[in-house]
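Engineer: Quick one: the structure is below, questions incoming.
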């Protein structure tokens, strides 16, 4: 199975900050990586797929990069609505696996 | 409005059975693979199973293989997750989600539409 790790596990930031979350795969997954945002009590929401393609309707302050085993999600200017937990997911092969999540909270 | 709605959750005793449903609307349900994902209390996301658009192909996680079965009835726009012999560690919110690619040519993809989730508590 492909293991996904994320860092940091928690990130404290202020509105307007530039925020970067890292995700690492245990083996090469090309660009078959997605990012999801989840708020408490809600379902995950797809932000990014194929590592760097923004899902329709997602603000352009979100961007993704990377390929192979190293990936990042960047929020260029953190907004109040962005405080949430973020998960990366590999869909290179079954079983689909998610990272453990990065919680972005208010500094 | 494109949506998925889960139902069937509740409290179930260990070893009993429960069937979850995932109903789709606002899109051509029979064109899409559907996944089940769960989230234990305070934990991350765990993929459980997938069924292809036509039901011909399935795949599931080691943690549920032999206990949970995914199926679908496209005539009812519904996918099911039959949970047999549940254990206490199956307690979680169960989500269904749609593959973001439609059609028979699609391979494994990200999940673009999620239901609101249904809570399953396994307890005696």
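The values are calculated or read from the model by the stated rules, or taken from the named source; none is laboratory data. Computed from a predicted structure; not experimentally measured. All Cβ positions, even for glycine, are placed from backbone atoms using ideal geometry, and neighbour counts span all protein chains on display.
Engineer: Given the conditions (1) loosely packed, with under 14 Cβ neighbours inside 10 Å; (2) in contact (Cβ under 8 Å) with a residue 60 or more places away in the chain, report the number of the one that residue B:43 does not fulfil.
Structural biologist: The single condition residue B:43 does not satisfy is (2).
Engineer: Still on this structure: Those residues that are more than 7 Å from chain B (Cβ to nearest Cβ) and within 14 Å of residue A:34 (Cβ to Cβ), I need them from the range A:77-88; list them, please.
Structural biologist: A:86, A:88
Engineer: Another question, if that's okay. Considering (1) closer than 21 Å to residue A:45 by Cα; (2) within 14 Å of chain A (Cβ to nearest Cβ); (3) at pLDDT 95 or above, say which one residue B:109 fails and leave the rest.
Structural biologist: (3)
Engineer: Could you say whether any residue in the range A:60-72 is out of contact with any helix residue (DSSP H, G or I) (no Cβ under 7 Å at 6 or more places or on another chain), without any contact (Cβ under 8 Å) to a residue 40 or more places away in the chain, under 23 Å from residue B:35 (Cα atoms) and within 14 Å of chain B (Cβ to nearest Cβ)?
Structural biologist: So far as the range A:60-72 goes, no, none of its residues is out of contact with any helix residue (DSSP H, G or I) (no Cβ under 7 Å at 6 or more places or on another chain), without any contact (Cβ under 8 Å) to a residue 40 or more places away in the chain, under 23 Å from residue B:35 (Cα atoms) and within 14 Å of chain B (Cβ to nearest Cβ).
Engineer: With the structure loaded, tell me whether residue B:84 is farther than 28 Å from residue A:6 by Cβ and touching a helix residue (DSSP H, G or I) at 6+ places or on another chain (Cβ under 8 Å) or whether it fails that test.
Structural biologist: no
Engineer: Which of the residues that make up the range B:58-81 are in a strand (DSSP E or B), more than 14 Å from chain A (Cβ to nearest Cβ) and either within 27 Å of residue A:3 (Cβ to Cβ) or without any contact (Cβ under 8 Å) to a residue 24 or more places away in the chain (or both)?
Structural biologist: Answer for the range B:58-81, where residues must be in a strand (DSSP E or B), more than 14 Å from chain A (Cβ to nearest Cβ) and either within 27 Å of residue A:3 (Cβ to Cβ) or without any contact (Cβ under 8 Å) to a residue 24 or more places away in the chain (or both): B:69, B:71, B:73, B:81.
Engineer: Moving to a separate point now. Mind listing whichever residues of the range A:1-46 are buried (at least 19 other Cβ atoms within 10 Å of the Cβ), farther than 12 Å from residue A:101 by Cα and at the interface with chain B (Cβ under 10 Å from one of its Cβ atoms)?
Structural biologist: A:32, A:33, A:34, A:43, A:46
Engineer: Now for a different question. Based on this model, can you work out whether residue B:97 counts as surrounded by 22 or more Cβ atoms within 10 Å (Cβ to Cβ) and within 14 Å of another protein chain (Cβ to nearest Cβ)?
Structural biologist: So residue B:97 passes the test.
Engineer: Continuing with the same structure: Please pick out the residue among B:7, B:21, B:17 that is under 12 Å from the mean Cα position of the chain (by Cα), closer than 29 Å to residue A:40 by Cα and surrounded by fewer than 16 Cβ atoms within 10 Å (Cβ to Cβ).
Structural biologist: Selected residue: B:7, the only one of B:7, B:21, B:17 that is under 12 Å from the mean Cα position of the chain (by Cα), closer than 29 Å to residue A:40 by Cα and surrounded by fewer than 16 Cβ atoms within 10 Å (Cβ to Cβ).
Engineer: Could you identify the single residue in A:100, A:95 that is under 27 Å from residue B:93 (Cα atoms), facing chain B (nearest Cβ under 9 Å) and under 13 Å from the mean Cα position of the chain (by Cα)?
Structural biologist: A:100
Engineer: Also: What residue, of B:31, B:90, is closer than 30 Å to residue A:5 by Cβ and more than 14 Å from chain A (Cβ to nearest Cβ)?
Structural biologist: B:90
Engineer: Name the one entry in B:41, B:14 that is outside any strand (DSSP E or B), away from every other protein chain (no Cβ under 14 Å), within 30 Å of residue A:1 (Cα to Cα) and touching a strand residue (DSSP E or B) at 6+ places or on another chain (Cβ under 8 Å).
Structural biologist: Checking each option against the conditions leaves just B:14.
Engineer: Moving on to the next point. Tell me which of these residue A:15 doesn't satisfy, since it passes every other one: (1) on the phi > 0 side of the Ramachandran plot; (2) in a loop (DSSP other than H, G, I, E, B); (3) in contact with a strand residue (DSSP E or B) (Cβ under 9 Å, 6 or more places away or on another chain).
Structural biologist: If we test residue A:15 against (1) on the phi > 0 side of the Ramachandran plot; (2) in a loop (DSSP other than H, G, I, E, B); (3) in contact with a strand residue (DSSP E or B) (Cβ under 9 Å, 6 or more places away or on another chain), just (1) comes out false.
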